Amino acid sequence: MLRTVILDFDGVITDSEILHLRAFNKSLVPYGVEISTKDYYTNYLGFSDFDCYKALIDNGPLKINERQISDIIKVKSKIFEKLTKTEGRTIEGVREFLQMLEDNNIPMVICSGSLLVEIELMLEESGLRHFFTEIISAEQVRKGKPHPEGFLLALKKLNEKCPLPIIANECIVIEDSHWGLQAGKAAGMHTIAVTNSYDAEQLGLAEKIVSRLNELTINDLQQLCA
């Protein structure tokens, strides 16, 4: 039985992955580091901000102490906020999909590696905030995707408000990257991939792959959880 849908944010709801890359690179200018588009999509896209900067330290190009990461994240967040207000946009088909879920009384949750302030800003700007029961952001978990902690926390938060407990295989996760799909599977949830960031052949972990969310019907979702 379908009980809830948990969606990633960047690359699923908003077309903001490239904005994150630009914000990362602007924040890295003082350190002489730049992430190429190919490198970002191959190695970093699924990471939280902290994990991305930490990977740059571990891999060698970013020569700072790990304790300095929080300061760079603050800089990056301010840059991203400015970009969001001028260039952020909702992906085609998202609003119709969310409305379909609301019409069928399916609770919706966001589980993202982005900061809460970034998610809230973009949801308010787009008029989508009212659709979501819970938002799980980077600050709320110790381990980002592909670890399942975020999805399991989302389920826990839902069950705190639900008289009839929801179990993992009654949840559908919607992601745009293999990191997110790995996390959803590890949490015991059903998975759908949307090809906003990667081609279908790179998203083979998913049980179903679509190019736009409004291609999905409520019957498609119910069948996954049957």
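The values are calculated or read from the model by the stated rules, or taken from the named source; none is laboratory data. The shown structure was predicted, so the numbers you read here are calculated from the model rather than taken from an experiment. Counting neighbours? That spans all protein chains shown, and the Cβs are built from the backbone with ideal geometry, glycine included.
Apart from one condition, Lys145 fits all of (1) basic (Lys, Arg); (2) loosely packed, with under 13 Cβ neighbours inside 10 Å; (3) touching a residue at least 60 places away in the same chain (Cβ under 8 Å); the exception is (2).
Limited to the range 162-175, what total is found for residues that are surrounded by fewer than 20 Cβ atoms within 10 Å (Cβ to Cβ) and touching a Cys at 6+ places or on another chain (Cβ under 9 Å)?
Quick first cut of the range 162-175, residues surrounded by fewer than 20 Cβ atoms within 10 Å (Cβ to Cβ) only: 162-170.
This time we only want the ones that are touching a Cys at 6+ places or on another chain (Cβ under 9 Å), so: 169-170.
Residues meeting the conditions: 2.
Of the residues making up the range 151-161, none is among the small types (Gly, Ala, Ser) and either assigned to a loop (DSSP other than H, G, I, E, B) or surrounded by fewer than 21 Cβ atoms within 10 Å (Cβ to Cβ) (or both).
Collect the residues in the range 93-117 that are in a loop (DSSP other than H, G, I, E, B) and either on the phi > 0 side of the Ramachandran plot or modelled with pLDDT of 95 or more (or both), keeping them in residue-number order.
Within the range 93-117, the subset in a loop (DSSP other than H, G, I, E, B) is 93, 104-107, 112-115.
Gly93, Asn104, Asn105, Ile106, Pro107, Ser112 - these are the residues of the range 93-117 that are in a loop (DSSP other than H, G, I, E, B) and either on the phi > 0 side of the Ramachandran plot or modelled with pLDDT of 95 or more (or both).
Against the definition (loosely packed, with under 13 Cβ neighbours inside 10 Å and closer than 28 Å to Asp199 by Cβ), how does Glu124 come out, yes or no? No, not satisfied. Going by the conditions given, is Arg95 in contact with a helix residue (DSSP H, G or I) (Cβ under 7 Å, 6 or more places away or on another chain), basic (Lys, Arg), in the same structural domain as Glu175 (by TED's automatic domain parsing) and more than 21 Å from Tyr31 (Cα to Cα)? For Arg95, the condition - in contact with a helix residue (DSSP H, G or I) (Cβ under 7 Å, 6 or more places away or on another chain), basic (Lys, Arg), in the same structural domain as Glu175 (by TED's automatic domain parsing) and more than 21 Å from Tyr31 (Cα to Cα) - is not met.
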